[in-house]
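Below is one structure, written out as structure tokens, with a few remarks after it.
The values are calculated or read from the model by the stated rules, or taken from the named source; none is laboratory data. Please read all numbers here as calculations on a predicted model, not as lab measurements. A quick note on method: Cβ atoms are made from the backbone with ideal geometry, for glycine too, and the neighbour counts reach across all protein chains shown.
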Amino acid sequence: MKRLHLQGSWVLKAPKEEIYRIISDFEKMPTYFPAVAESVRITEKEGNHQKMVAKVKSFGRVFDVKMRTELVPNVGFRSNNESSFGTSGYEEFFMEDIEGGTKITYTYDLEIHRPLLRIIGTPLIKWFAMRSWKRAVIDTLRKLVEK
């Protein structure tokens, strides 16, 4: 299996509690981030652990994703994801206070299971994924929380 490590870091001029309120409300992801999520439904919840099924958007397609997510209150989340697109991965969204705002670090360790997708998708994912995610999530968050 081919593994890709994707990571980005950004600063928002807002308290992390305000960012966390939005980023941890998974069932509202389609409202907040329509370029990324078509639907998200929590199927199990126990404390800070939840399982979800989602229809996500990427590369102009919609596909199903199963997520096992742990919320870290006012810090972020970590999630193990499996998609019908032929990928699985471990995702982290973490925040820390810095002077003037909040530093966000997003990491996605992705495994591509389909050989053809690995050949075609690897260079495209490396180049496109974080740029697209920044535009769809971070830029949207910036509009929602920065005043």
Every residue in the stretch 1-36 that is part of a strand (DSSP E or B), of a type in the set (A, V, I, L, M, F, W, C), at pLDDT below 95 and in contact with a Lys or Arg (Cβ under 7 Å, 6 or more places away or on another chain), please. LEU4
Hey, PHE85 touching a helix residue (DSSP H, G or I) at 6+ places or on another chain (Cβ under 8 Å) and within 18 Å of LEU141 (Cα to Cα) or not: no
Scan (1) under 29 Å from PRO15 (Cβ atoms); (2) modelled with pLDDT of 95 or more; (3) part of a strand (DSSP E or B) for the single condition ARG142 breaks and write down its number. (3)
Those residues of the stretch 1-50 that are more than 18 Å from ILE104 (Cβ to Cβ) and surrounded by fewer than 16 Cβ atoms within 10 Å (Cβ to Cβ) come to a total of 17
Considering residues of the stretch 65-89 that are farther than 26 Å from GLU18 by Cβ and either in contact with a Leu (Cβ under 9 Å, 6 or more places away or on another chain) or in contact (Cβ under 8 Å) with a residue 60 or more places away in the chain (or both) only, the residue surrounded by the most Cβ atoms within 10 Å (Cβ to Cβ): THR87
